[in-house]
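Visitor: Input: one structure, supplied below.
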Amino acid sequence: STSTSTSTSTSTTTSTSTSTSTSSSLSSSSSTSSSTSTTSSTSSSTSTSTSASSSSSTSSSTSSSTSTSTTYSTTTGAFLIVDGWYRYGESDYLPVEMKKDVDNAREYCAAEGAELVSITTQNEQDYLLRLVLDQLAPYAHVRLGGDGNGDGTVTWYDGTQTSSSFDVPLDPAVTSCIVLLQDGEWRAVGCGRARVFICERSNVASSTSTSTSTTSSTSTSSSTSTSTSTSTSTSTSTSTSTTDTIPFFQLPDGWYPNREHDYLPVSQSVRLDAASQYCETRSSGLVSVVDDREQAFLALLVEQTLGGFDHVRLGGTSSSLGDVTWFDGAVSQGSFVPPFESTPSDACLAIVPESGQWTNIRCNAKRSFVCKRSNVPVTSSTSTSTSTSSSTSTSTSTTSSSSTSSSTSSSTSTSSSTTSSSSTSSSTSTSTSSTTSSSTSTSTSSSSSSSSATLQTNIDGWVVHSGVQYKVIEDTRVSFDAAQSHCEGLGINGALASIHTDGLYDFLVHLVQFFDSDASALWIGGQLSSTDTVGETDESRTLSFTTGDTVTLSDVPWDTLQPNNGRGFEDCVLHDVQTGLWSDWRCGANRNFICQRDDVVV
């Protein structure tokens, strides 16, 4: 007879780790991924013959382990968003629209594996300012993760160090918790005061996968024993990272903001007069460069937006001595050295996208160009004063005598005048002295200004004005329609505030200051008629309020270049808390708001 025992053991282990990050133009993504896979497989088989018998044994074992890491990224405007966080360089940022004090904000960030944000370089400052203006625009203060040291330096909670080349925008005397303002400055705000904030975490990721498989098989037979063991292990780790460029925040109308100016790269190659006219029709001029920071920004902007061109026109000329004259009248800072790539000549200026250096071109040459406009709101005031003054005083004295006569009289009208007369005669005579002085004073002064009368709230926290109650709603941020519904539920004839006269506008400015709102802009009850025009003012639009009141478009205190329907469907009106000026905005955006209701006892 034949007796056979067969034992087979098979172990298969597969470990896969994949990390993918992709960014688009004008975005920055930096991703570092490390993956470790360890596989251990042991198989043993023993066969012993003890008797004349037939036995067959088969054992099969398969072990499979798979580890997959996938990064999801999207882009919004010029921002790269990875798993809900905003990626820049080696850090991810999470804007949080909840107001918390420092301790609670740090606790919130820690739960997300992060810390309150630190700002250690000028590039990071510029990026975060754009992020704040895009995501936290309604808030005047954004909490940072550090304390001033009283010497112009900051101690960051995450232990990072500020770059020595970064000029920290903070008063050196500050020794407490700090916040970021929308103009880029830093300010001290009490650590216990609740503010919105930004969390920051590193985006350097790591993953580890370990798989172990052990198979043992024992077979006993009296004759022949065959044992087969097969072990297969496969480990695959893939990491892909694409880094493009430093991100720029782009406004809805296509302009790129930087400090007090916006910039518009134009790819059309035209002559100087056509380029100038193009910019003028957009309330701007050909770009000037006045300091190192503006030069660094412009060099990067043209590299990324107009990099396919050899030269990009600047708005100025140079002399053979290196002197620069800008068409817009700007004056370069004394410490700024124009970065000419070769000896300048008497010609127009251009920047080289590849190097960022300047060169000369013929003024009538066709080149692409960049427009530049101010983004600082323009305000105006008028005061007229007229003063007219006249004075009249009359005094008469008559003396007839052979003696000495003295007469003094005084007359006072709006102003004071005194006249004295003296006559002497040694014989019989008549002496008459007459003096006339006229004094009249009239003063008229006219000044246009708004009063700052102290406002007071009633028992419900509303301010009463001309039979109507008003209140800034600070604890609710909703769309325009939701805000109107909220106001309607607060009392008789409740509605978003109707500001349809100059007197109501002056009151509105003081009302907002009185409530000291942290919001940067508030819904009021104004709605514009729809328009297909995007990026500029359509004079045919009408403005009406939810109360039924209407206002002529030109009589409204609009902000610069407003209303412009910049993003399309911007039909609702926002009141800027800091400037008091108005802008049109998308009605679906969430904002705080101002309600009104009748001043009646219910």
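The values are calculated or read from the model by the stated rules, or taken from the named source; none is laboratory data. All values reported here derive from a predicted model rather than from experimental measurement. Note that we place each Cβ from the backbone using ideal geometry, even for glycine, and neighbour counts take in every protein chain shown. Note: areas computed on protein heavy atoms with side chains; ligands, DNA, RNA excluded. Shrake-Rupley method; radii C 1.70, N 1.55, O 1.52, S 1.80 Å.
Visitor: What is the calculated FRET efficiency for Asp346 to Ser540, with r their C-beta to C-beta distance and R₀ = 41 Å, to the nearest 0.05?
Guide: Approximately 0.25, to the nearest 0.05.
Visitor: Give the long-range amide H neighbours of Ala347: residues separated by 5 or more places, or on another chain, with amide H under 5 Å away, using H modelled in the peptide plane at 1.01 Å from N.
Guide: Close amide H contacts, sequence-distant or interchain: Ser318.
Visitor: Would you please put 151-158, 348-355, 529-536 in order of how densely packed they are, using the mean number of other Cβ atoms within 10 angstrom per residue and starting with the highest? Could the numbers behind the result be given before it?
Guide: Working: 151-158: 15.5, 348-355: 20.5, 529-536: 13.8.
In descending order of packing, they fall as 348-355, 151-158, 529-536.
Visitor: Work out from phi, with θ = phi - 60° and the Karplus expression 6.51 cos²θ - 1.76 cosθ + 1.60, the ³J(HN,Hα) of each residue of the stretch 549-566, listed in order in whole Hz, and give x for Gly and Pro.
Guide: In residue order, the calculated couplings are 6, 10, 9, 5, 4, 6, 8, 8, x, 6, 6, 4, 6, 10, x, 10, 6, x Hz.
Visitor: FRET efficiency for Leu300 and Asn364, Cβ-Cβ distance as r, R0 = 22 Å, nearest 0.05?
Guide: Calculated value: 0.20.
Visitor: For the stretch 485-546, with every protein chain kept in place, what is the accessible area per residue (1.4 Å probe, Å²)? Can you show the working numbers first?
Guide: Details: 2790 Å² over 62 residues.
I get 45 Å² per residue for this part.
Visitor: Counting only heavy atoms of protein chains, what accessible area per residue, in Å², does the stretch 278-337 have with a probe of 1.4 Å?
Guide: Ligands and nucleic acids excluded, the figure is 48 Å² per residue.
Visitor: Collect residues whose amide H, placed 1.01 Å from N in the peptide plane, falls under 5 Å from the amide H of Gly146; neighbours closer than 5 in sequence don't count.
Guide: So Gly146 has HN proximity to Tyr157, Ile178.
Visitor: What list of ³J(HN,Hα) couplings, whole Hz, do you get for the stretch 124-140 from phi and the Karplus terms 6.51, -1.76, 1.60, once you set θ to phi - 60° and write x for glycine and proline?
Guide: 5, 4, 5, 5, 5, 5, 5, 5, 5, 5, 8, 10, 10, 4, x, 10, 6
Visitor: Let me ask something else. Per residue of the stretch 270-283, what does 6.51 cos²θ - 1.76 cosθ + 1.60 with θ = phi - 60° give for ³J(HN,Hα)? Whole Hz please, x for Gly and Pro, Karplus curve as stated.
Guide: 9, 6, 4, 5, 5, 5, 4, 5, 4, 5, 4, 5, 10, 6
Visitor: Of all accessible surface on the stretch 485-539 at a 1.4 Å probe, what whole percent is carbon and sulfur?
Guide: 43 percent
Visitor: Just how far, in whole angstrom, is the stretch 98-114 from the stretch 262-304 if you go by their alpha carbon centroids?
Guide: First find each Cα centre; the distance between them is then 42 Å.
Visitor: Kindly rank 547-553, 141-147, 270-276 from highest to lowest mean number of other beta carbons found within 10 Å of each residue. Mind showing how you got there, number by number?
Guide: Values: 547-553: 13.0, 141-147: 23.6, 270-276: 16.7.
Going by the mean number of other Cβ atoms within 10 Å, highest first, we get 141-147, 270-276, 547-553.
Visitor: Can you tell me, using C-alpha contacts under 8 Å and at least 6 residues apart, the relative contact order of the stretch 113-190 as a whole percent?
Guide: Relative contact order of the stretch 113-190: 33 percent.
Visitor: Hey, another quick one. Taking just the alpha-carbon atoms of the stretch 459-601, what radius of gyration and Dmax come out, in angstrom?
Guide: In Å, with Rg to one decimal and Dmax whole: 14.3, 46.
Visitor: Right, next: Relative contact order for the stretch 461-545: what is it in percent, counting Cα pairs under 8 Å that are at least 6 residues apart?
Guide: For the stretch 461-545, the relative contact order is 25 percent.
Visitor: Also: Hey, can you find the accessible area per residue of the stretch 552-595 for me, probe 1.4 Å, expressed in square angstrom?
Guide: Here the per-residue accessible area is 38 Å².
Visitor: Additional query: For Ser91, enumerate residues with amide H under 5 Å from its amide H, sequence gap 5+ or separate chain, H modeled in the peptide plane.
Guide: Asn203
Visitor: Gain in length, Thr162 to Thr550, computed as 0.36 nm per residue apart minus the alpha-carbon separation, to one decimal in nm?
Guide: Taking Thr162 through Thr550 to full extension adds about 134.4 nm, to one decimal.
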